[in-house]
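**Student:** Have a look at this one.
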Amino acid sequence: MTEKKSDVGRSNSTMNHDSELAREPASLQQSKPPQCVANNHDSRPESGIQDPPQSILGILKQLGPGLIIAGSIVGSGELIATTAVGAEAGFTLMWLIIVGCVIKVFAQVEFGRYTLVHGRTTLDGLNEVPGPRFRVNWILWYWLVMFLVSLAQLGGIVGGVGQAVTITAPLTDGGSAHNRYQDLLIEKDVTESLILRAQKDFEGQGAEKISALKTRLVELAAEIKAVELPYKSTPRYQAAWSELDSATQARDELRNQDAVLAADVKEAVDTRHSQAKSRERSLRGPPESNDEIIWATIITLSSMVILVLGRYQLIQIFSTVLVAGFTFVTIGNLVHLQTLPEWRVGWDDLVHGVSFQLPETAGGLSTALMAFGIIGVGATELIQYPYWCLEKGYARWVGPRDDSDAWAARARGWLRVMRWDAWASMFVYTFATVAFYLLGAAVLKRAGLNPAGAQMVRTLAEMYVPVFGKAAHAIFLIGAFAVLYSTFFVANASHARVCADAMRVFGFSKGNAQAHRFWLVIYCALLPLICLIVYAFVRAPKQLVLASGLMQAIMLPMLAIAALYFRYQRSDHRLRPSLGWDLGLWISSGGLFLAGGWAFFDKVATLF
């Protein structure tokens, strides 16, 4: 990542030379001596060579890059997108969530293999893939667009962290009043759902429980009415109510007409009604405060300092501790749900979840396929993983590539360590992902809750009420802060490293160690600030996260092409994988094409 190049021209000429050599037929490349295959500029020092561990314990001690990536994954994807899919589609799409986690590991390892073989970064490799060029490769231009959208995702994440802290520790009286009002509304929704489930599941045997729930529902309605009364008497609310009444009448009249009206007319009427309803709801109780923006600002400024001063070891330890703690709480919660008849996950639910069915409505599938771009190793993590492998030392320890048996043995050994790293982290985040999904399907879906907008964190907190009661909020919000902040912190650290490298690849930096460090510090300070600004002006965490998932899903086919190119054109024949691995890579690539293709045709092609 800190290759020494005397100037930008040399960097670009290196890219052009290796790219031309990479376009030679694979058979011709493999017929040459290994040192002749795109290895003319391997700048790894021989002093950095280190033999790979042979024992399982030794391998485990060298794991790390995958745990950092898991720290980024177990957050935005699992806590937001995965639970949203569970809330919308129920258990139906659990199979897609599992496939989304497992299928990308093969491509992830091929990206890492390229870095181990050549000692070069992901952007270097993508810049070598054949195709149109304008200063850099076509894939890099799309990566730039995807990167900008991913900042919106991190804006949603820092917003979620701000919400979690605000719910726990509001800074103003207005924040406290808004918290209390929103808690009453969500508890009312959950109570109504519990009554319906009790009437259905217990068939008259839970009369006492149903009676208690109905009593609580009456109490909640009275409390909500008392809170709303002073706000409903204001002129602003009265005007909003009149507008909603007018919009409702217009919508009802349109529905009662027999004439076929233009689609844009119907859309305009529905939009007016939706906006009027949203405004009426926002004015009937205590308004939102600015507490979450204040907390998000405090968190962002603190992160900027830590990122500028932090190094690899700090980031690895930090992300591992945060993810491990909250993941165990989540899994324990899911296990405890099995003791509650109205919430337990049955075998029928699990069988239904892995039966490869699709939801009856298109909304759940759309959310799932957008989430497919984020859950597990998304497009962003596929690109970032080799940078952490470089910073950990895997590529440096392999040493400069040559035709010796010693180099091949070291490369095979460290490739084995990297595979362990990738698969171990996959088991961690897949287990957590499935747990989040099941909680979303078992509780949010059944309670009729769907995380959205500023209430995303508060709504997700309701997953924990059945197990921990009123303590659920505190337990969840502490964990939500940990897991969301882990994503925000690690993703910004990863983005900063990729962006610093992009300055070299795009020709704006000399690419030496000093220049790389300079840009790394700049981006460590700049990127969190940009995320905060994005959230401040677009306060819709779920939409921001899912928009990033769409862009990542569209890039997945491009990364599949790159992974296959690395495997068959830029690998060392001495590190050739088995036929079984190649089959897995092709299946992985097919899945990436499917997800990206569907996202494109469903969302982009509809614009034309």
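**Student:** On the accessible surface of the range 59-204, probed at 1.4 Å, how many percent belong to carbon and sulfur atoms?
**Tutor:** 65
**Student:** Would you please report the Å³ per residue occupied by the convex hull of the alpha carbon atoms in the range 230-343?
**Tutor:** Roughly 263 Å³ of hull volume per residue.
**Student:** Take M551, M426 and sort them by solvent-accessible surface of the protein heavy atoms, 1.4 Å probe, largest at the top.
**Tutor:** M551, M426
**Student:** Please work out the FRET efficiency for the pair V218 and F508, using the Cβ-Cβ distance as r and a Förster radius of 45 Å; give the result to the nearest 0.05.
**Tutor:** E between V218 and F508, to the nearest 0.05, is 0.10.
**Student:** Given the protein chains as shown and a 1.4 Å probe, how many square angstrom of R574 are accessible, to the nearest 10?
**Tutor:** 50
**Student:** So how do Y565, Y142, Y231 rank on accessible area, 1.4 Å probe, biggest first, that is with the largest at the start?
**Tutor:** Most to least solvent-accessible, the answer reads Y231, Y142, Y565.
**Student:** Enter the accessible area of V321 (Å², nearest 10), with the probe set to 1.4 Å and all protein chains included.
**Tutor:** For V321, the solvent-accessible surface is approximately 100 Å².
**Student:** Can you work out ³J(HN,Hα) from phi for every residue in the range 313-319, in order, using Karplus 6.51 cos²θ - 1.76 cosθ + 1.60 and θ = phi - 60°, giving whole Hz and x for Gly and Pro?
**Tutor:** 4, 4, 5, 5, 5, 4, 5
**Student:** If I ignore ligands, DNA and RNA and count only protein heavy atoms, how much of E223 is accessible to a 1.4 Å probe, in Å² to the nearest 10?
**Tutor:** Around 60 Å² of this residue is reachable by solvent.
**Student:** Let me ask another. What order do F506, F318 take when sorted by accessible area (1.4 Å probe), most exposed first?
**Tutor:** F318, F506
**Student:** Additional query: Would the range 159-250 count as rounded, prolate or oblate if I go by the C-alpha gyration tensor, calling it rounded below 1.5 in a/c and otherwise prolate when a/b exceeds b/c, oblate otherwise?
**Tutor:** Oblate shape, in that a/c is at least 1.5 and b/c is the bigger or equal ratio.
**Student:** Gain in length, F518 to L144, computed as 0.36 nm per residue apart minus the alpha-carbon separation, to one decimal in nm?
**Tutor:** Contour length minus the Cα-Cα distance gives 132.6 nm.
The values are calculated or read from the model by the stated rules, or taken from the named source; none is laboratory data. These numbers were taken from a predicted model, which means no experiment stands behind them. For neighbour counting, all protein chains shown are included, and Cβ atoms are generated from backbone atoms with ideal geometry for every residue, glycine included. What goes into the accessible areas is simple: the full protein's heavy atoms, side chains included, and nothing from ligands, DNA or RNA. Shrake-Rupley method; radii C 1.70, N 1.55, O 1.52, S 1.80 Å.
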